[in-house]
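Notes for the one structure printed next.
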Amino acid sequence: MDRIVRSAMLMLALVSATAMLPVAAQSCSKASPAHTVALLELYTSEGCDSCPPADKFVSALYKTSGLGADQVIPLSLHVDYWDYIGWKDMFAKPLFTERQRWLAEQVSSHTVYTPEVFVAGRELRDWRGGMAASVKRINSMPAQADIRITLDKAADNKLRVGLVGKSAQPGKLYFALVENSLVSNVKAGENRGVTLQHDYVAREWGEPVSLTRGTAENVSRQISLPANAATKNLAVTAFVQSDKGEILQALTLPLCQPM
């Protein structure tokens, strides 16, 4: 009798364990670290012949600098003000042009250009030589905001994004869907005949969430995925920015992959 009972219990345990084996990642999440992660914003355009070197610099950032995503997070924002010279940048959004101008105003500058790089909300003109030192300085500061990203498994070209943000200063929690490994064959304008490759491109830009000092905000959003995009090339990047333009914390999380 005891042998029968033990056999039954063993079978039940095996069935339960099998039922718990994941066939695919249903959700994934990540929280920001205690130190401040630097957000690198590249303002670029396919209609600008001086932009490809900056695009390549950002694409190769992790390989060439030895930095990781817990130190710096690149974000490539394509602007639309060069579209008139012959080539319409399919990744450009007027919203990104407006953001670039707003950032310039925060540092009392009324001039925007491409390529232009901001790190932690402040312009970095010497982005080739000064990036590592700028990131190191930012990483040395304790974070003034906390972020958590939770992603459900993408389905029907839709993605459910859960965000938690808490800030020591009044500000906003932003998030963007980012895509890597994009290729464009430019057929007009300054880059005519050139094949351009892009990474960390902001494809969707979510409505920012207002944060009050010391109060955690928990929100859920659904965003559409780009047509024919491979999930391995997609990530969600979130950051908290103060009302004065300072980036208080940043975080990125790739889309959930099958296990």
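Figures for the structure shown
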item	result
Residue ID - surrounded by the most Cβ atoms within 10 Å (Cβ to Cβ), chosen from residues in the range 129-152 that are β-branched (Val, Ile, Thr) and farther than 30 Å from Ala229 by Cα	Val135
Filter result for Arg192 (over 28 Å from Glu46 (Cβ atoms) and in contact (Cβ under 8 Å) with a residue 12 or more places away in the chain)	no
Any hit, the range 221-239, residues being within 26 Å of Lys172 (Cα to Cα), loosely packed, with under 12 Cβ neighbours inside 10 Å and touching a residue at least 60 places away in the same chain (Cβ under 8 Å)	yes
Strands (runs of 3 or more DSSP E) within the range 205-259 that include 2 or more residues within 20 Å of Val135 (Cα to Cα)	234-242, 247-254
Failed condition for Glu204, given (1) surrounded by 15 or more Cβ atoms within 10 Å (Cβ to Cβ); (2) in contact (Cβ under 8 Å) with a residue 40 or more places away in the chain	(2)
Residues (more than 19 Å from Ala31 (Cα to Cα), touching a Ser or Thr at 6+ places or on another chain (Cβ under 7 Å) and assigned to a loop (DSSP other than H, G, I, E, B)) located in the range 136-168	Ala154, Asn157
Hits in the range 153-190 - residues which are surrounded by fewer than 21 Cβ atoms within 10 Å (Cβ to Cβ), closer than 25 Å to Asp49 by Cβ and not β-branched (Val, Ile, Thr)	Asn180, Ser181, Leu182, Ser184, Asn185, Lys187, Ala188, Gly189, Glu190
Enumeration of residues in the range 129-157 that are at pLDDT 95 or above and charged (D, E, K, R)	Lys136, Arg137, Asp146, Arg148, Asp152
Ala188 in a strand (DSSP E or B), out of contact with any helix residue (DSSP H, G or I) (no Cβ under 6 Å at 6 or more places or on another chain) and not charged (D, E, K, R)	no
Top-ranked residue in the range 54-103 [being aliphatic (A, V, I, L, M) and without any contact (Cβ under 8 Å) to a residue 40 or more places away in the chain; ranked as farthest from Asp126 (Cα to Cα)]	Val79
Filtered residue count, the range 137-159, keeping only those that are farther than 26 Å from Asp243 by Cβ and without any contact (Cβ under 8 Å) to a residue 40 or more places away in the chain	2
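Yes/no matrix, rows are residues, columns are (1) buried (at least 22 other Cβ atoms within 10 Å of the Cβ); (2) modelled with pLDDT of 95 or more:
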| position | (1), (2) |
| --- | --- |
| Ser27 | no, no |
| Ser32 | yes, yes |
| Glu41 | yes, yes |
| Glu46 | yes, yes |
| Asp49 | no, yes |
| Lys56 | no, yes |
| Pro74 | yes, yes |
| Tyr81 | no, yes |
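The values are calculated or read from the model by the stated rules, or taken from the named source; none is laboratory data. The model shown is predicted, which means the values in this text are computed figures rather than measured ones. Positions of Cβ are generated from backbone atoms using ideal geometry, with glycine treated the same way; all protein chains shown enter the neighbour counts.
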